[in-house]
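Everything on this sheet refers to the single structure shown next.
Readers should treat all values here as calculations from the given coordinates under stated rules, not as data from a laboratory. Since the structure is predicted, the reported quantities are computational estimates derived from the model, not experimental observations. Here the Cβ positions follow ideal geometry from the backbone for every residue, glycine too, while neighbour counts run over all protein chains shown.
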Amino acid sequence: MAEIERFSNSQRTIEVLLKNLDLDEKDFGQLYFIEIAPGVTTGNHYHKNKDEWLIPLQGDIKIILEDIATRKREELVISSRDIDKKIRIPPNTAHATINESDKPTLLMEYSTKPFDSNNEDKIFYKVQ
């Protein structure tokens, strides 16, 4: 998990969510929102060729990460109260996101590669 830069004065606060220096690739990919319904698990896959970054916007979400080579697992719970945090999911890291609450959660996600239905970089891998 990495810190989000914050610049503030008496008039406004700016939070730099992601910049090209954070990325291994300097080309822009895709930025989008994900809403996850209560009790739902999403993901259970990994990517070979892209990074994903998650930033919580609403609610609490559990994220399970597993390195597919070493099988090392990590479980994180992030909350919209952690708006100053972002989570990087590198290539070959399986991941699942779980909304264990009774309300929808909302994440902002950045992917280093845009979605391409003709060349989808998503490999099923049961994490949760």
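Relative to the compact-globule estimate of 2.2 N^0.38 Å, the Cα radius of gyration of region 2-124 comes out at 1.09. Applying the Kirkwood pairwise sum to the alpha-carbon positions of region 42-94 produces a hydrodynamic radius of 11.7 angstrom. To the nearest 0.05, how large is the calculated FRET efficiency for residue 4 and residue 32 if R₀ is 22 Å and r is the Cβ-Cβ distance? Rounded to the nearest 0.05, the efficiency is 0.75.
Exposure proxy shown here: for 57, 65, the number of other Cβ atoms within 10 Å sets the order, fewest to most, as 57, 65. Distance between the pseudo-spin-label points of residue 70 and residue 21 (7 Å out from Cα toward the beta carbon): 2.7 nm. Protection proxy ranking for 29-36, 83-90, using the average of other Cβ atoms within 10 Å per residue and placing the highest first: 83-90, 29-36. The count of lysine pairs in region 20-112 with alpha-carbon distances below 25 Å, taking only pairs 8 or more places apart or on different chains, stands at 20.
Please report the spacing between the Cα centers of region 95-128 and region 1-80 in Å, no decimals. Cα centroid of region 95-128 versus Cα centroid of region 1-80: 10 Å apart. Fewest neighbouring Cβ atoms within 10 Å first, the residues 46, 125 line up as 125, 46. Residue exposure proxy: 23, 107, ordered by other Cβ atoms within 10 angstrom of their Cβ from fewest to most, comes out as 23, 107. Basic side chains Lys and Arg get +1 at the Cβ, acidic Asp and Glu get -1 at the Cβ, and with that the dipole of the chain about its Cα centre reaches some 100 debye.
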